[in-house]
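Participant: Below is the structure I would like to discuss, written out as structure tokens.
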Amino acid sequence: MRIILAPMEGLVDAPIRETLTGVGGIDRSVTEFIRVTHGMLPPRIFYKYAPELHHGCVTRAGTPVAIQLLGSNPEMMGRHGVRAVELGAGQVDINFGCPAKTVNKHKGGCVLMREPELMHNITAAVRRAVPEHIPVTAKMRLGYDDRSMGIACGQALQEAGAAELVIHARSKVDGYRPPAYWEEIARVREVLDIPVIANGEIWTVEQYWRCRDISGCDDVMIGRGLIARPDLARRIRASQAGEQVVPMTWPEAVALIEDYAAALQTRLEDRFVTGRIKQWLSYLRLGFTEAEQLWPRARKLREVAPMLACLGASGSDRKVA
């Protein structure tokens, strides 16, 4: 019963992977996608998205990190899979799920679900190119225009040699609007022999169990739910063991943000660091009443020091939503 931290472009970067996997309960993480086009990317691009490659491709907590590629040229995807492994990747993941218009317009991500044969060719090219012991995995949605392509695309990926498949329980057109169609994941899982991992709309321990019951999947991938509640995976683990854990307090969450900000400051200018903090704080509003109360002030701040001072001053209220 694995819990995987989902890739989220522009948010789930290496510093936040370090922070969240340090909280506990996460079995694996996946990088933001590395965009593959017509030329070979230099190693520095891989290290930018996955500095964990310098350390065995694991976080400080020892959590493995998969390298995710996005593109539509089978040959170039295969070559970049090889490059990722040469640099230390222990798993190569392929993105067929990104719903962003700019990505889909350039024939990447979820738009490829209109072409199961091309999905097959991309995956098969990566599978042929990388060493046999390296898992090649994929992430997709239930379809692009609607939720009718899950089975066809899942079968194409399995036949191409994908070792496992993450399915986000919506179509591209659905975006991120509730509900998640976990029952549609079950339809795909029932016709495949490879492991299927459920993703979408898991914000609480109770939703985790409902997703498992409806989808039939033993494993889940969680993105926004872990950003909003950094201890969600740890609480799910406790629930699986029939144990109780004290939910994370707001001061503990503030300490995580402070660590995250310190890591970001070694990589980014302050204005970008503040923007990332605001992104995370916006999600934390869903898990902590203190974050919601803080948001009207924090959203106006542009410098890191005042932002951290504002967060620190808010640490006295310990109510959790």
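Participant: How big is D, in µm² s⁻¹, for region 3-240 by Stokes-Einstein at 25 °C and 0.890 mPa s if Rh is the Kirkwood radius over C-alpha pairs? Write out the running numbers ahead of the final one.
Facilitator: Values: Rh = 17.5 Å.
Here the translational diffusion coefficient equals 141 µm²/s.
Participant: How big is the shadow of the Cα convex hull of region 1-129, averaged over all directions, in nm²?
Facilitator: Values: hull surface 31.2 nm².
Its average projected convex-hull area is 7.8 nm².
Participant: Among H133, H54, H168, rank each residue by its count of other Cβ atoms within 10 Å, from fewest to most, as a rough exposure measure.
Facilitator: Values: H133 7, H54 10, H168 28.
The fewest-first ordering by Cβ neighbours comes to H133, H54, H168.
Participant: log10 I(q)/I(0), Debye, Cα-only region 197-321, no solvent, q = 0.12, 0.18, 0.21 Å⁻¹?
Facilitator: -0.50, -0.94, -1.14
Participant: Okay, moving on. Test of understanding: ordering D27, D93, D13 by Cβ neighbours within 10 Å, fewest first, what list do you get?
Facilitator: Values: D27 15, D93 27, D13 23.
Lowest count first: D27, D13, D93.
Participant: Where the centre of each part is set by its Cα atoms, how far does region 54-98 sit from region 252-278, in angstrom?
Facilitator: Value for the Cα centre distance between the two parts: 25 Å.
Participant: Okay, next question. Return L192, L69 ranked ascending by Cβ neighbour count within 10 Å, so the fewest neighbours appear first. Kindly include the intermediate steps, with their values, before the conclusion.
Facilitator: Working: L192 18, L69 27.
Fewest-to-most Cβ neighbours within 10 Å comes out as L192, L69.
Participant: Which residues in region 63-91 have a backbone N closer than 15 Å to a point placed 7 Å from the Cα of H106 along the Cα-to-Cβ line?
Facilitator: 69-73, 77, by backbone N distance to the label point.
Participant: Next up: Quickly work out the S148-to-A262 label distance, labels modelled 7 Å from Cα along the C-beta direction, and quote it in nm with one decimal.
Facilitator: Those two pseudo-labels are separated by 5.5 nm.
Participant: Between Rg and the Kirkwood Rh of region 250-313, both from Cα atoms, what is the Rg to Rh ratio? Write down the numbers at each step before the final one.
Facilitator: On the way: Rg = 10.6 Å, Rh = 11.5 Å.
Dividing the radius of gyration by the Kirkwood radius yields 0.92.
Participant: So what is the relative contact order of region 83-192, in percent, for Cα pairs below 8 Å that sit 6 or more residues apart? All intermediate terms of the calculation are to be shown ahead of the outcome.
Facilitator: On the way: 186 pairs, mean separation 29.2, N = 110.
Averaging sequence separation for qualifying contacts and normalising by length gives 27 percent for region 83-192.
Participant: In whole percent, what relative contact order does region 16-61 give with Cα contacts below 8 Å and a gap of six or more residues? Mind showing how you got there, number by number?
Facilitator: Working: 22 pairs, mean separation 21.5, N = 46.
Result for region 16-61 is 47 percent.
Participant: Before rounding to the nearest 500, sum -39500 (n - 2.57) across all DSSP H runs of length at least 4 in the chain and divide by the residue total; then give [θ] at 222 nm in deg cm²/dmol.
Facilitator: Numbers: 14 runs with 144 residues, N = 321.
-13500 deg cm²/dmol, from helical runs alone.
Participant: Here is a further query. May I have the extent of the alpha carbons of region 73-192 along their three principal axes, as whole Å values ordered from largest to smallest?
Facilitator: Taking the Cα atoms of region 73-192, the three principal extents are 40, 33, 24 Å.
Every number here is computed from the coordinates shown, using simple stated rules; none is lab data. Since this is a predicted model, take the numbers as computed values, not measurements. Here the Cβ is made from the backbone with ideal geometry for all residues, glycine too, and neighbour counts use every protein chain on show.
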